[in-house]
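Here's the structure we're looking at; comments come further down.
Just so you know, all these numbers are worked out from the coordinates, no wet-lab data involved. Keep in mind it's a predicted model, so treat the numbers as computed, not measured. Glycine also receives a Cβ, built like all others from the backbone with ideal geometry; neighbour counts cover every protein chain displayed.
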Amino acid sequence: MLSCGLILLAAGASRRLQQAKQLLPYQGTTLLHHSIQTALSASVHPVIVVAVPGSDATVPEDDRLRLAFNYNREEGLASSIRCGVTALLNKAPETEAAILMVCDQPFVTPGLLNSLQAACEQQNKQIAACSYKNTLGTPVFFKRSFFNQLMALKGDEGAKRIIQKNQDQTAIVPFPKGEIDIDTMEDYETLLQHTATL
């Protein structure tokens, strides 16, 4: 297995929700801490949490975790990706791959994260992306050969453009529940109702 870190993107402005989605209560904790525990239970090291400077975001005491503050988050998503990749390489210079994850997809599991790397290696690909709702997206695994492209992203541009341009190099992992994310209060209420019926 390649040495693989994970970058948890938790510095979004949550404009439609009008509050920090990562701090919303979920299953006795917050969406952020739920995502951190999921990441720590997977075969990744280290876990980089990209957060807003001065926010209420805290992370558990764990040697595998590092908090990285994005001082340029007003630029958009690309700044968080660049911040995360930089922090990952500072923490683990020899890392061979990285998974990008967001904290508003509550049905991500450690098994899903592990399956991304496995699919990439089994199919001899450079990227592994999740498939849901007729799209490819997060969580997504990139081998180090794509770090420069991640660092070159600008504005509100995410990793999806890189996936789209390199579909021949991308392994696909089905994740139907990936379409469930939290952008509005209605999304959050639907999540709580769905969880209550499980």
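A few comments on the model shown:
- Each of residue 135 and residue 183 was given a label point 7 Å from its Cα along the Cα-to-Cβ line. The distance between the two points is 0.6 nm.
- The 3J(HN,Hα) values that the Karplus relation (6.51, -1.76, 1.60; θ = phi - 60°) gives for region 60-75 are, in residue order, x, 6, 7, 4, 7, 9, 9, 8, 10, 8, 9, 7, 10, 5, 5, 5 Hz. Gly and Pro appear as x.
- Residue of 99, 127, 180 that the Gaussian network model of the chain assigns the largest fluctuation, springs spanning Cα pairs under 10 Å: 180
- Gain on full stretching of the segment that runs from residue 109 to residue 27 - 0.36 nm per residue minus C-alpha separation: 28.1 nm
- Reduced Cα scattering model of the chain, Debye log10 I(q)/I(0), q = 0.08, 0.16, 0.17 Å⁻¹: -0.23, -1.01, -1.16
- Zone of residue 160's modelled label, taken as backbone nitrogen in region 173-196 under 18 Å from a point 7 Å along Cα→Cβ: 173-184, 187
- Applying the Karplus relation 6.51 cos²θ - 1.76 cosθ + 1.60 with θ = phi - 60° to region 111-116 yields 3J(HN,Hα) values of x, 5, 4, 5, 5, 5 Hz, where x marks Gly and Pro.
- Our summary gives the chain a relative contact order of 24 percent, counting only alpha carbon pairs under 8 angstrom and 6 or more residues apart.
- Each of 151, 101 has some number of other Cβ atoms within 10 Å of its Cβ, and from fewest to most they run 151, 101.
- Dipole magnitude for region 1-108: about 280 debye, using +1 per Lys or Arg Cβ and -1 per Asp or Glu Cβ, origin at the Cα centre.
- The chain - mean residue ellipticity at 222 nm from DSSP helices (-39,500 (n - 2.57) per run, n ≥ 4, rounded to 500): -9000 deg cm²/dmol
- Sites residue 72 and residue 2 - FRET efficiency at Förster radius 41 Å, r taken between beta-carbons, to 0.05: 0.90
- Sorted by Cβ density within 10 Å, fewest first, the residues 187, 63: 63, 187
- Using θ = phi - 60° and Karplus 6.51 cos²θ - 1.76 cosθ + 1.60, couplings along region 43-52 (whole Hz; Gly, Pro as x): 8, 10, 6, x, 10, 9, 9, 8, 10, 7
- Largest GNM mean-square fluctuation across 129, 78, 98, computed for the chain with C-alpha springs under 10 Å, falls on 78.
- Spatially close lysines, pair count over region 54-198: Cα under 27 Å, gap of eight or more or interchain: 22
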